[in-house]
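Peer 1: First, the structure itself, so that you have it in front of you.
The values are calculated or read from the model by the stated rules, or taken from the named source; none is laboratory data. Keep in mind that what you see is a predicted model, and the values were worked out from it rather than measured. Positions of Cβ are generated from backbone atoms using ideal geometry, with glycine treated the same way; all protein chains shown enter the neighbour counts.
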Amino acid sequence: MSSSNSSARSEHAAGAFDVRNVIAALIGFYGVVLVLMGLFGNSPEEQERTGDVNANLWAGLAMLVFAAAFALWSRLRPIVVEAPPDRQDPEDDGSGRVAPGH
Amino acid sequence: MDDLRLDATFVDYLLVAAYFAVVLLIGAAARRRVSDSLDFFLSGRSLPAWVTGLAFISANLGAVEIVGMSANGAQYGMSTMHYFWIGAVPAMLFLGVVMMPFYYGSKVRSVPEFMRRRFGTGAHLVNALSFAVAQILIAGINLFLLATIVEALLGWPLWLSLIVAAAVVLSYITLGGLSAAIYNEVLQFFVIVAALLPLTLIGLNRVGGVGGLVDRVTDAGRAEELTSWPATDLSGIGSPVLSVIGIVFGLGFVLSFGYWTTNFVEVQRAMATKSMSAARSTPIIGAFPKMFVPFIVVIPGIIATVLVPEVIEAREGAASDFDYNNAILLLIRDTLPNGLLGVALAGLLAAFMAGMAANISAFNTVFSYDLWQQYVKKDRSDGYYLAVGRWATVGATVAAIGTAIIASGYTNLMDYLQTLFGFFNAPLFATFILGMFWRRMTPTAGWMGLVSGTLAAVAVAFLSEDAFGTASLGVLPIGGQGASFVAASAAFVVDIVVSVVVSQVTAPKPVAQLAGLVYSETPKEQRTDPDAHRLPWYQSPTKLAGIALVMVIILNVIFR
């Protein structure tokens, strides 16, 4: 995971860790809303437009599954920050930069 | 567009608002990590390949792709797939396998900078200026389409939609620079899929599945639109053999390679990665979803031709002034319930903002590093250029509002602009490729090749039937997309010929200056990742590229 290209800035955090959780959160939120819409907001007129399928419900469930999978991936394979944790930060320049997943 | 109204309810607005909230949060979070200009412009070269790979295609998945390709699907059918399978994937693979080692290994901060180091000021200025102008114009188009969608769907007046949209994009770019843009692009990709995949599936369900769609299109007498070759409608070239040649060489080679291998908007995302292998993998990883994106973008267009009344009428010839750009919106109106409608709105808005943000972030890198630092104020501190970058972003966004207003005055502006930028990309690619593999090529040949290639393309366009609308003379019997393919090919050939000739009579750069820029002068260590041999097969760029190539060929065969 370490890269010789950024050795001059070794305290740099990888950062992608956040994105998977953000994606999982937003899609998960959409999933919840859609499932609720599908359960309580379904109407015959809408069924006609979708060809007799409760589209909100199915799409919502699929999104929940996807969001769960993403959150699981991000848990099981976290992005490792490059500087090893036991080396006390000689590079700490006091810029107040925050590492992800703190 | 005035009669297009969608019944958006509170729930739909809630979903859209959630999306915007997340986007702004990402901008704010990315800001805390931006400490110098390399961070702002290139994310400190730290991102993993799957992130940049998705951002790579997301940056391209803007208004033009979603609205334009579905419109093409409604008008031409399956041959639109060529824009993806011929016109994008091979070039993306080539970029990853062949050209990224030079871009990444030479540590240039932009594509024009590569031009400057290889060829000097002349070629650099031509490239940097034309690229910068192009980005502002394209950002304006994205912004305009974004605002017209908002206007048509929500009833807000155009000027208000323009300003609000511009303000949102501006905030998250200014706050977080390229990192924010990239993170948002990854997010946007998933929202766009979440919006378009259900749309496609519901549409297919309504028409009776894939078989039902095939039957209905055939019944309407348009069976040839179900096959992607020889695509004579698309190319405008009557002879099937010439049409295939035109598409494969003109679109597949010159135009698409010219765009994907030199367009800094895309290359910038690959440069933001943490290693050479990751940089090479970025466009290759992007190629996999790119292959399948047309199924959720083009197919809805085709479905619209048998499902949506207005589109059916237009295809039957009853409404000659129908704007095919509306096809996907009409399909959304006719199939999606509230809830999914909100997701679709968020997805469309996401796509348009992704396009605009990509243009703006590429613009401000080229402006700050290639133009301002190079020719206006050299040798200032890094913080100075970071500030310049931020101001450039604001200026570019305001300018995009201006170019959006210009765009609103023309219905065919997008066609013209696509043709024009094809003119710039084809000679650029020729000059690049020649310069990367032939060290004898001189700086003078660099800019002369570019200029003469562009002039050749413009000449062909003038001589064609309609590449410049009524200004074209009609001397050459080619029109439509075929004309732009021929023009691009002409530009490529002329550029190569002129460059070779001029190089014979001018002085090349000293070989020592070409290390890292030319294949023969770059030692193997500098163009390969030292860790490459330890990578598993799914992280090795060349193996991945091989798999992608096989897949795209299979797709072409299945859907021929």
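Peer 1: Pick from segment B:201-222 the residues that are without any contact (Cβ under 8 Å) to a residue 40 or more places away in the chain and within 16 Å of B:Ile296 (Cα to Cα): which of them is nearest to the chain's Cα centre (by Cα)?
Peer 2: Filtering first and then ranking leaves B:Leu201.
Peer 1: Looking for whichever is away from chain A (no Cβ under 11 Å), among the hydrophobic types (A, V, I, L, M, F, W, C) and buried (at least 24 other Cβ atoms within 10 Å of the Cβ) here; the options are B:Ala351, B:Ala344. Which one fits?
Peer 2: B:Ala351
Peer 1: For segment B:371-409, what are the residues that are part of a loop (DSSP other than H, G, I, E, B) and closer than 20 Å to B:Leu160 by Cα?
Peer 2: Selection gives B:Gly409 alone.
Peer 1: Determine which member of the set B:Val306, B:Val248, B:Val241 is in a helix (DSSP H, G or I), aliphatic (A, V, I, L, M) and modelled with pLDDT of 75 or more.
Peer 2: On inspection, the qualifying residue turns out to be B:Val306.
Peer 1: Name every residue in segment B:61-70 that is buried (at least 24 other Cβ atoms within 10 Å of the Cβ) and more than 15 Å from B:Val191 (Cα to Cα), in order of residue number.
Peer 2: B:Val67, B:Ser70
Peer 1: Let me ask something else about it. Does A:Ala62 meet the test of being at the interface with chain B (Cβ under 9 Å from one of its Cβ atoms), surrounded by fewer than 22 Cβ atoms within 10 Å (Cβ to Cβ) and closer than 25 Å to B:Gly27 by Cβ?
Peer 2: The answer is no for A:Ala62.
Peer 1: Something else: Suppose we keep only residues that are under 16 Å from B:Ser130 (Cβ atoms) and among the hydrophobic types (A, V, I, L, M, F, W, C) within segment B:353-370. Which one would you say is farthest from the chain's Cα centre (by Cα)?
Peer 2: Applying the filter and picking the extreme gives B:Phe367.
Peer 1: I'd like to check something: does segment A:21-31 contain any residue that is at the interface with chain B (Cβ under 10 Å from one of its Cβ atoms), at pLDDT 85 or above and surrounded by fewer than 21 Cβ atoms within 10 Å (Cβ to Cβ)?
Peer 2: Yes, segment A:21-31 has at least one match.
Peer 1: Test B:Ser130 against the criterion of being closer than 30 Å to B:Val552 by Cα, more than 14 Å from every other protein chain (Cβ to nearest Cβ) and among the polar types (S, T, N, Q), and give yes or no.
Peer 2: no
Peer 1: Here is a further query. Would you confirm, using the coordinates I've provided, whether B:Phe190 is at pLDDT 80 or above and within 14 Å of another protein chain (Cβ to nearest Cβ)?
Peer 2: yes
Peer 1: Now a separate question. Search segment B:279-336 for residues being without any contact (Cβ under 8 Å) to a residue 60 or more places away in the chain and within 13 Å of chain A (Cβ to nearest Cβ), and hand back the single one that is surrounded by the most Cβ atoms within 10 Å (Cβ to Cβ).
Peer 2: Out of the qualifying residues, it is B:Val308.
Here is a yes/no grid of residues against (1) away from chain A (no Cβ under 13 Å); (2) part of a helix (DSSP H, G or I); (3) within 12 Å of B:Gly27 (Cα to Cα); (4) at pLDDT 85 or above:
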site: B:Trp156; (1), (2), (3), (4): yes, no, no, no
site: B:Ser161; (1), (2), (3), (4): yes, yes, no, no
site: B:Val164; (1), (2), (3), (4): yes, yes, no, no
site: B:Ser179; (1), (2), (3), (4): no, yes, yes, no
site: B:Ala194; (1), (2), (3), (4): no, yes, no, yes
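Peer 1: Within segment A:1-20, restricting attention to residues that are in contact with a helix residue (DSSP H, G or I) (Cβ under 7 Å, 6 or more places away or on another chain) and more than 8 Å from chain B (Cβ to nearest Cβ), which residue is modelled with the highest pLDDT?
Peer 2: Among residues in segment A:1-20 that are in contact with a helix residue (DSSP H, G or I) (Cβ under 7 Å, 6 or more places away or on another chain) and more than 8 Å from chain B (Cβ to nearest Cβ), the one modelled with the highest pLDDT is A:Arg20.
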